[in-house]
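Read through the structure below, which is laid out as structure tokens, and then see the notes.
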Amino acid sequence: MGHDHPLRVVIVGCGQIADGHVSEIQKLDNAMVVGVCDLELLMAEQLAQRMNVPSYYDDFDKMLDAQKPDVVHIATPPSSHLFLAKKSIDAGCHVYVEKPFALNYEDSVKIVEYAEKHQKKLTVGHTYEFDPPARRMREMIAQGVLGDPIHVESWFGYNLSGPFGKVILGSPDHWVHGLPGKLFQNNINHLLNKVIEFIPDEKPQISAFGYKRREESFGDVRDDMDDELRVMIRGEKVSAYATFTSHVKPVAQFQRVYGTKNTMHLDFVTRTVTLDQGPTLPSAIGRLVPGFNQSLEYLRSTLRNVGSFAQSEFHMFNGLNYLIRAFYKSIQEDAPLPISHRDILRLSWMLDEIFAQIGKGAAQ
């Protein structure tokens, strides 16, 4: 499956995340963005001009026919993912699908099976799985620092008054309001993909509830959108809590992994990975020491970040860049996929189960 030329890449869907895709692909020497497409031609034209992409379209078929790409990045709303993925695969392309992977588990299965049937590579945009803290965590676990995992806590803070939140609340016609899981469906992939690598069960026990804390103020579909979610997941040997919050400040994103040897804390905002420190001496001094040790943990992690910054590896889209590079390597060298099809489907099943429980998808 080797390629002796740079991969020809196109992007369909020219919304906010598309700039990140183009900028990270343009940093690679084994790929080039040859076209972008959006139903709104102006969106495609503006992206092409901003990022120096040679061609733009408002017709996906025309772009596929004219550019003959090796890879398609699908960055459109999820209702179109099944259709666009199948069309891309039919054109002989490998496919990168932005999250949420599909509208529901059924569509996710169809996409995966279609890619497997046609022997095309497929991945999903779970970029936080490849951010520096997650990669550092896996290194430490491989070294035996954690011991056996017992429990995982995953926390995702969301700012409804931020640039993404304002757009969603700004219009009742925004595509997020049409999703089975609404706001949650567009974000809790980031919660669950931090959990499933520790819970290997095919269908773990899930208990979820969602609710709305803000005041109803629109008188339309926007008032139906829950903004707080709590999920308990129990596997055979490992359990997890997952929290999505739109109201806790400061807005945070972190993960805690509790093991038989140590407890590990990953902060995805400050990009630090630290181990919790317990008392080592049965005295008052023994209770003082952990504070100093904890400070040393943060200092070491911060110094590691300074080194990454010096090497230009601390940028916002580091995880996206790593995922794209790993995906392209899987194409060009027939290497393993960065995210297994099994994990894509297990996460998709969890989403459907959560939305059914909180009443946001039971009618789907």
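Listed values, structure above:
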quantity: Residue tally, condition of a type in the set (Gly, Ala, Ser) and either assigned to a helix (DSSP H, G or I) or surrounded by fewer than 16 Cβ atoms within 10 Å (Cβ to Cβ) (or both), over segment 1-40; calculated: 4
quantity: Extreme residue, farthest from Glu215 (Cα to Cα), among residues of segment 238-253 that are surrounded by 19 or more Cβ atoms within 10 Å (Cβ to Cβ) and not small (Gly, Ala, Ser); calculated: Val238
quantity: Of the criteria (1) touching a Cys at 6+ places or on another chain (Cβ under 8 Å); (2) surrounded by fewer than 21 Cβ atoms within 10 Å (Cβ to Cβ), which one Val71 fails; calculated: (2)
quantity: Qualifying helices (runs of 4 or more DSSP H) (wholly inside segment 41-159; at least 2 residues being assigned by TED's automatic domain parsing to the domain that holds Thr274 and in contact (Cβ under 8 Å) with a residue 60 or more places away in the chain); calculated: 132-142
quantity: Unmet requirement for Ala66, which otherwise passes all of (1) touching a Ser or Thr at 6+ places or on another chain (Cβ under 8 Å); (2) buried (at least 23 other Cβ atoms within 10 Å of the Cβ); calculated: (2)
quantity: In segment 64-96, the residues that are under 18 Å from Asp352 (Cα atoms) and not small (Gly, Ala, Ser); calculated: Pro77, Pro78, His81, Leu82
quantity: Residues that are exposed (fewer than 13 other Cβ atoms within 10 Å of the Cβ) and either within 18 Å of Phe244 (Cβ to Cβ) or among the charged types (D, E, K, R) (or both), drawn from segment 164-218; calculated: Lys166, Asp173, Glu202, Lys203, Ser207, Tyr211, Arg213, Glu215, Glu216
quantity: Gln46, sole failed condition from (1) touching a helix residue (DSSP H, G or I) at 6+ places or on another chain (Cβ under 7 Å); (2) farther than 24 Å from Gln332 by Cβ; calculated: (1)
quantity: Count - residues of segment 160-202 that are without any contact (Cβ under 8 Å) to a residue 12 or more places away in the chain and acidic (Asp, Glu); calculated: 1
quantity: Residue tally, condition touching a strand residue (DSSP E or B) at 6+ places or on another chain (Cβ under 9 Å), within 18 Å of Gln185 (Cβ to Cβ) and in a loop (DSSP other than H, G, I, E, B), over segment 197-243; calculated: 3
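Rundown of residues vs (1) at pLDDT below 95; (2) of a type outside the set (S, T, N, Q), yes/no style:
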site: Met1; (1), (2): yes, yes
site: Gly20; (1), (2): no, yes
site: Gln26; (1), (2): no, no
site: Leu39; (1), (2): no, yes
site: Phe60; (1), (2): no, yes
site: Asp70; (1), (2): no, yes
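The values are calculated or read from the model by the stated rules, or taken from the named source; none is laboratory data. All figures in this text were calculated on a predicted structure; none of them were measured in a lab. Every residue, glycine among them, receives a Cβ derived from its backbone with ideal geometry; neighbour counts consider all protein chains shown.
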